[in-house]
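Asker: Pasting a structure here, questions to come.
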Amino acid sequence: MRGANVSDRRFPPLAIALGAAIFVLVPLGLSLADSGYFFRLAIVTLIFSILALSMQLITGVAGLLSLGHAAIYGVGAYTAAILSTRLGLGPLLTIPLSGLVSGLLGIALALPTMRLVSIYFAVATLGLGEMIYVTLLNWVSFTEGPLGIGNIPPLRPLGIDLSGPLATYLFVAVITAIAAVIVHRCTHSYYGNALRAVREDDQCADAMGLNVVRLKIEVFAIACFLAGIAGALWAHTTGYVNPGDFRFAESILILAMVVVGGLGSVPGAIIGAALLLLLPEALRAVGEVRILMVGVVMFLCILFLPRGLFGEVSALSLARRQLGAAWQQDRGVGWR
Amino acid sequence: MTTTRRTLLLAGAALPLAGAAVAQQRTVTLGYQLPLTGEFSQYGERFRNSAIMALDAFNRSGRIPAQVNIVFEDTRSDPREAVAVARKFVDNRDIVAVLGDFSSSAAIQAGRVYAEAGMPQLSQTASHPDYVKISPWQFRNITTQAYEGPHVARWMAANGVKRVAVVSIQNDWGQSVVSNFADAFKATGGEVVATQMYNPGNREFRAVLTDIARQRPDAIYIGMFYEDGAAFLQQRRQLNIRAPVYGTSSMYEPKLIELAGPGAEGMYLSTSFMAESPEAHVKAYVEEYKRRFNSEPNMFSAQAFDAVNIMLEAIARAWPDVTRQRVRDELARTKDFPGVTGATTFDPETREPAKTLARMRIQDGKFTLIQN
């Protein structure tokens, strides 16, 4: 595989710096602050980074506006909750299984809707999201309905206690890093270019021999898999899930993260997630108007930076320059 | 009013710094997590108003030689923010106990954090059965159907009712209305002759009414909210069914009488808070609330007022050893606390509240208190 050669050949300094920041600097700083609050914010930001990354794949790269992403995330959370409370499975099983269930559900939902374009697809996903929410709410014998599922065990894979703040952070950070690599490889590659071609003009892409429907289903399945993983992490780190946590407003929040961060940009998704989660917390001192101020910031972002805080073009050149993604300079092979 | 609120917030925010400066004047700090923005903000606003009232009165009374502060943190009753705020309160070593949150799910998610850290938590509204089961650190100041059902059953038995028909909405709450009432009523020697559940949104009760009338019940018990209740009462009058109706406290709402008109006459229901109550301390509370905040207090405001007072009472009893552990233990000893929502006792084992529920009857188009 050629891709492997690339990463063997050089260690991208940016990846090392990011890894050092996420795995050494942030946990060191948080440990010194000894604050459960900051750890919690960091963990939630990481979980929502996974969600924003998966949304980026669907909406930013493949150009499919999905309004039901929170429901898929909810299915992941409920899968982990049910598997761990009823069957007593550990997180090493519940997390991948949640991803699988969400991914399979994604495929099932994608099959009938993939021929829909633009706004029609958005409304279809909106309806599917509501159906999932109503099912979680009313299937009382299975999901416990409006009462939600409590007592979900914290992260204790193989009997190793990772329920402390630092260990939980590192565990979630490792999974987030893997998710980021997956999304990076799907985006900055021929595959990503094919998805962008579908986004720009699906008929044209079809005429060029790309299997548009298959591409869309694949990318939807990958994104739903990641959303399911995020849901499982949420369930295990919070301990209680309720259908109300996975409503339409959450889908919009995830969508806003992607748009504010920059549609089509992998770092943008993470920046957007961090901004929209940490800004309301940072503004606590200003009192009730804080949510209004978050709205103002979002509005100004879109007004002055319509391509996002870290737009697609900058993200692509960064990936090419720093990570050498699928680009072999000496042989002149790669994507531009 | 605004000044007081701002001062309080500032005092709360500046507390870690102020602690060193005024070391001779001890302060006790409480956290209150509540929805001050978002879709539930009208409830959070009421909780904060009541909390400020209770706090001012306590600090003026000089019961302990220290000032009590409350740090209010907005959570929007959103699970992400509720957990983050819980972590924040736990980190703050000055905070000895926490009030809130509003919704059961936010209270449970935050409760897991408090359980792990050993922080007493008292919610004014979380009625989820699992909430108090999280750990010995959780308390609530709202009665559930597990308390109200048996109360109504005993009331009916005392009024000589032997045969009851139950009509209730088909949801989790309605299920708890039926099961809690039926068990207690059977225990008094009575018989539930019919149980009818109706789907949410359905306001056509004639078939249900005809069916239960055939069983010749001595009384009908209805578990629903006032919009459905008004339709039920009207249709019962149209069909001329004479069996008296007992209702859940959820129907205590002036709109019920407005909508049902003469159909509401004679209905019995119980409640923990009655704004028109002639009792002196309830009157004083209602008047002060109206004067300071220019709005009528309702059950939610009263629930919060009592929750804060119960907490302050526990702190006063724990003084001078005001620690998280001591405050929890004193909360568990709450007995016959004379609040505006009736005398409240916390069960030391289950930490469920027991309240004296007031009994009312609708007479001449008004909710009238029945003297026991």
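Asker: From the mean inverse distance of alpha carbon pairs (Kirkwood) and the Cα radius of gyration, derive Rg over Rh for the protein assembly as shown.
Answerer: Result: Rg/Rh = 1.02.
Asker: Which of B:ALA146, A:GLY244, A:LEU87 sits closest to the plus end of the dipole of the protein assembly as shown, meaning its Cα is farthest towards the positive end, when Lys and Arg get +1 and Asp and Glu get -1 on the C-beta?
Answerer: A:LEU87
Asker: Just name one of A:ALA62, B:ALA264, A:ALA180: the one whose Cα is farthest towards the positive end of the charge dipole of the protein assembly as shown (beta-carbon charges, Lys/Arg +1, Asp/Glu -1).
Answerer: Positive-end residue among those listed: A:ALA180.
Asker: Kindly provide the helix-only [θ] at 222 nm of chain B, computed as the sum of -39,500 (n - 2.57) over DSSP H runs of four or more divided by all residues, to the nearest 500 deg cm²/dmol?
Answerer: -14500 deg cm²/dmol
Asker: So, one more: About the Cα centre, and with charges only on the beta carbon of Lys, Arg (+1) and Asp, Glu (-1), how big is the dipole of chain A? Nearest 20 debye, please.
Answerer: Dipole size: approximately 720 debye.
Asker: Total Lys pairs in the protein assembly as shown closer than 28 Å by alpha-carbon, pairs eight or more apart in sequence or interchain only?
Answerer: For the protein assembly as shown, qualifying lysine pairs total 19.
Asker: Also, quick follow-up: If you fit an axis through the alpha-carbon atoms of helix B:41-61 and take the longest principal axis of the Cα set of chain B, what angle between them do you get, 0 to 90°, nearest 10?
Answerer: Long axis of B:41-61 versus the principal axis of chain B: about 60 degrees.
Asker: Among B:ASP306, B:ASP329, which comes first, second and so on when ranked by fewest other beta-carbon atoms within 10 Å?
Answerer: Ordered by Cβ neighbours within 10 Å, fewest first: B:ASP329, B:ASP306.
Asker: Along the Cα→Cβ direction, 7 angstrom out, place labels at B:HIS281 and A:GLU130. What is the inter-label distance in nm?
Answerer: 4.8
Asker: Using a 10 Å cut-off on Cβ to Cβ distances, tally the other chain neighbours for every residue of B:106-116 and report the average as a whole number.
Answerer: Counting other chains' Cβ atoms within 10 Å and averaging over B:106-116 gives 4.
Asker: Hey, could you get me the Stokes-Einstein D for chain B, Kirkwood radius over alpha-carbon pairs, 10 °C and 1.306 mPa s, rounded to whole µm² s⁻¹?
Answerer: The Stokes-Einstein estimate is 73 µm²/s.
Asker: For A:GLY60, what charge total do you get from the other residues with a beta carbon under 12 Å from its beta carbon, if Lys and Arg give +1 and Asp and Glu give -1?
Answerer: +2
Asker: Arranged from highest to lowest average of other beta-carbon atoms within 10 Å per residue, in what order do the peptides B:102-115, B:350-363 appear?
Answerer: Peptide ranking by packing, descending: B:102-115, B:350-363.
Asker: A further question follows. Kindly provide the pair-distance distribution of segment B:45-124 built from C-alpha pairs, with 5 Å bins from 0 and whole-percent values in order of increasing distance.
Answerer: P(r) over segment B:45-124, rounded to whole percents: 3, 15, 25, 23, 18, 11, 5, 1.
Asker: Nearest 20 debye, what's the magnitude of the dipole of segment B:145-271 about its Cα centre given +1 on Lys and Arg Cβ and -1 on Asp and Glu Cβ?
Answerer: Charge dipole of segment B:145-271: 480 debye, to the nearest 20.
Asker: A follow-up question, please. Equivalent ellipsoid semi-axes for segment A:2-323, as square roots of 5 times the alpha carbon gyration tensor eigenvalues: give them largest first, rounded to whole Å.
Answerer: Working from the Cα gyration tensor, I get semi-axes of 28, 25, 21 Å.
Asker: Now a separate question. Under unit Cβ charges (Lys, Arg +1; Asp, Glu -1), what dipole magnitude, rounded to 20 debye, does chain B have relative to its Cα centre?
Answerer: 380
Asker: Just counting partner chain Cβ atoms within 10 Å, what average do the residues of peptide B:85-96 show around their Cβ?
Answerer: 3
Asker: How high is the relative contact order of segment A:2-323, in percent, with contacts defined as C-alpha pairs under 8 Å that are six or more residues apart?
Answerer: It comes to 31 percent, rounded to a whole number.
Asker: Using mean Cβ contacts within 10 Å as the protection proxy, how do A:44-53, B:186-195, B:51-60 order, highest first?
Answerer: A:44-53, B:51-60, B:186-195
Asker: Right, here's the next one. For A:HIS236, A:HIS184, what's the fewest-to-most ordering of other Cβ within 10 Å of each Cβ?
Answerer: In order of increasing Cβ crowding within 10 Å: A:HIS184, A:HIS236.
Asker: Hey, got the average number of other protein chain Cβ atoms within 10 angstrom for residues in A:31-37?
Answerer: Other-chain Cβ atoms within 10 Å of each residue's Cβ, averaged: 4.
Asker: Also, quick follow-up: If you take all C-alpha pairs in segment B:171-275, what percent of them are over 17 Å apart?
Answerer: 52
Read the figures in this text as sums done on the coordinates, not as results from a lab. Because the structure is predicted, anything quoted here is derived from the model rather than measured. Because the Cβ atoms are built from the backbone with ideal geometry, glycine has one as well, and the counts that use them run over all protein chains shown.
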